[in-house]
1. Grab the Cα-Cα distance for B:Arg385 and B:Leu151, subtract it from 0.36 nm times how many residues apart they are, and report the gain in nm with one decimal.
2. Total Lys pairs in chain B closer than 28 Å by alpha-carbon, pairs eight or more apart in sequence or interchain only?
3. On a full-extension model of 0.36 nm per residue, what is the gain between B:Ala306 and B:Asp453, subtracting their alpha-carbon distance, rounded to one decimal in nm?
4. Let me confirm one metric for peptide A:60-68, namely the mean number of other chain beta-carbon atoms within 10 Å of its residues' beta-carbons.
5. What's the extension gain from B:Glu343 to B:Glu355 if we count 0.36 nm per residue and subtract their Cα-Cα distance?
6. How many Cβ atoms of partner chains, on average, are near each residue of B:86-99 if near means within 10 Å of its Cβ?
7. Would you work out the charge dipole size for chain A about its Cα centre, treating the Cβ of every Lys and Arg as +1 and the Cβ of every Asp and Glu as -1, and quote it to the nearest 20 debye?
8. For helix B:338-357, what angle does its Cα long axis make with the longest principal axis of chain B, in degrees from 0 to 90 and rounded to 10?
Amino acid sequence: MKLTDAATVIRSKNARPLQITIDLMFEDQARFDLARQSPSLSPANLAGLYGLQQGSVQVLPFPQALAIKLVFDRRTVAGDPGDRDVYGTQQHGPLLGVEL
Amino acid sequence: MSAVGKLRDRFPRGPETRPLPALAASGQLGYGIPEPALKAGLEREPDFIGCDMGSIDPGPHYLGSGQIATSDIMTRRDLGLVLRGARALDVPLLLGTAGCAGARPHLDTTLDMIRAIATEEGLHFRLAAIGADIPADTVKAARRENRLRPLGQMAMPSDEEIDGSTNLVAQMGTEAFRRALDTEADVIIAGRACDTAIFTAVPEMLGFPLGPATHMAKIIECTSICCTPGGRDAMLGTLEGDSFLIESMNPARHATPMSVAAHALYEQADPYKVHEPEGTLHLDDVVYDAVDEHRVRVHGARWEQAAQLSVKLEGAIPVGERGMVLAGAADPRFIAAVDEITEAVEKTGRELLGETLGGDFQLFFRVYGRDGVVPWPDPPAEPPREVFVMVECIAPTADQVKTVLACCKQYLLHHGFPGRLSTAGNIAFPFTPPEVLAGPAYRFSLYHVMQVDALAPLFPIQVEEL
């Protein structure tokens with residue numbers, strides 16, 4: 001199943017000016033479990049997807065909200081010269097092709 | 001008697017008296033408060049009204065420049081709405097992070113608006129303003145004494161960077177609002193403040209437990225964002241002691257256990273912990289119960305008082321003047337060769353301008369349609385049909401920016417590359433001049449935690465009668 005079919009929300013935002021946090025939210029327990037167990041959403045695979053160093057992506061399941069949080073450091077501090085996305089709201093694009 | 005005096009009288013037995021309804025009127029005042037929900041909220045007769053005006057999301061420009069992020073016209077309109085509402089009910093109004101960034105210029109701009117509204121509308125009240133500006137010497141002393149800790153990838157600032165920052169602020173916590181309430185102010189406007197502090201000062205004053213109070217503050221400060229569908233309508237939080245009830249003042253926005261739980265994720269790297277100057281909010285054992293399809297009751301948040309007081313510092317420093325060239329292209333050969341072309345143009349530009357300008361400028365070629373937004377590790381499977389090219393320059397003066405951009409624009413337009421067919425021009429301008437000056441540019445110089453012995457000396461209060 002594609003992540004875009006399994007998730008109801010795929011949103012990206014700054015967590016303060018130093019990190020990007022991406023929330024994946026699911027409608028039911030089955031889809032949340034599928035995503036949580038999928039190797040596609042492993043820290044190693046996600047680092048590759050974003051071109052980041054291994055070990056730099058945290059994957060934090062939040063079962064209370066049937067959600068998975070991804071966190072990684074920004075390449076530039078928000079608003080520094082060369083930043084591409086000051087609010088960090090469009091950094092979810094690389095996830096949209098993920099197969100669970 | 002002051003609004004806060006009357007509020008104390010209404011709670012003779014503190015939290016045992018009755019639940020405490022608080023109205024969050026706006027999560028970012030100045031972008032247009034939806035009026036029907038605010039009106040519905042005021043009809044519920046809240047014991048106090050809070051509004052956040054701030055955020056660090058818009059980046060370092062507002063803190064650096066001292067400009068407020070919202071328009072004057074809409075900010076006045078929103079301030080008028082909440083001032084009239086609070087004065088009509090005679091309840092305290094607490095406003096946090098004046099003018100988006102909460103430094104002295106933002107606070108002064110907002111104070112002038114409040115004074116003008118009071119005069120125009122014949123409103124009379126006691127106004128307390130809490131400053132959040134931190135002197136550079138205080139920050140330098142903290143660094144020397146190893147009381148300054150960088151967050152994340154921030155570097156330790158040099159003395160020059162601290163002195164060169166146009167504004168330095170610290171996020172105040174509940175303590176500052178408590179002191180302002182003690183002045184018997186009816187309206188409190190704060191410089192840079194924790195969003196939660198706006199809503200925790202009154203509950204703390206009345207003796208409500210800080211775990212649920214801080215958790216409720218954390219949720220309602222964003223108004224109806226925690227609902228499904230989310231929105232910007234006023235939110236009512238009713239603190240019951242160990243639990244609280246939340247409800248959107250727009251009947252179309254429903255707080256559900258899932259939507260409210262999910263809000264703990266919003267803009268947070270750790271959904272289980274929220275750090276404040278006075279302590280940490282722990283959300284591991286929180287339970288969300290549906291009361292009906294519109295309301296949720298929450299309990300289980302735990303407050304841990306900090307052993308060491310600390311404040312988060314924010315500073316912004318100018319990096320020069322910014323300008324850009326705006327252009328597009330629809331030629332597949334140009335699009336395929338765009339990296340080689342922009343590299344060559346930059347090289348030519350630096351050679352030409354090196355002597356004239358001393359070479360002291362930064363250039364960024366942003367190719368939208370390809371990787372202007374995300375630094376993708378791989379090229380797209382199919383090249384885009386069109387791309388938008390923004391050439392951004394940062395240089396010490398506006399004249400230098402204009403010189404660099406004009407030069408780059410012309411060489412980008414006429415750069416000859418292998419296989420080129422369109423020998424009359426490589427890029428399309430939607431208008432001329434395509435060079436647009438954007439004014440001073442800033443970066444964050446400080447995003448650090450400073451340990452302190454006491455909070456009160458950092459956040460002075462000025463009181464005036466209107």
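A short reminder: the numbers here are calculations on the coordinates, not readings from a lab. All values derive from a computational prediction rather than experimental measurement. As a convention, Cβ positions derive from the backbone with ideal geometry for all residues, glycine included, and neighbour counts pool all protein chains shown.
1. This chain segment gains 80.1 nm when fully extended.
2. Taking chain B as the scope, the lysine pair count is 9.
3. Taking 0.36 nm per residue and subtracting the Cα distance, the gain is 51.7 nm.
4. 5
5. Roughly 2.4 nm would be gained on extension.
6. Per-residue shielding by partner chains comes out at 0.
7. Values: 10 positive and 10 negative charges, 38 e Å.
Using Cβ point charges on Lys, Arg, Asp and Glu, chain A gives about 180 debye.
8. 90 degrees
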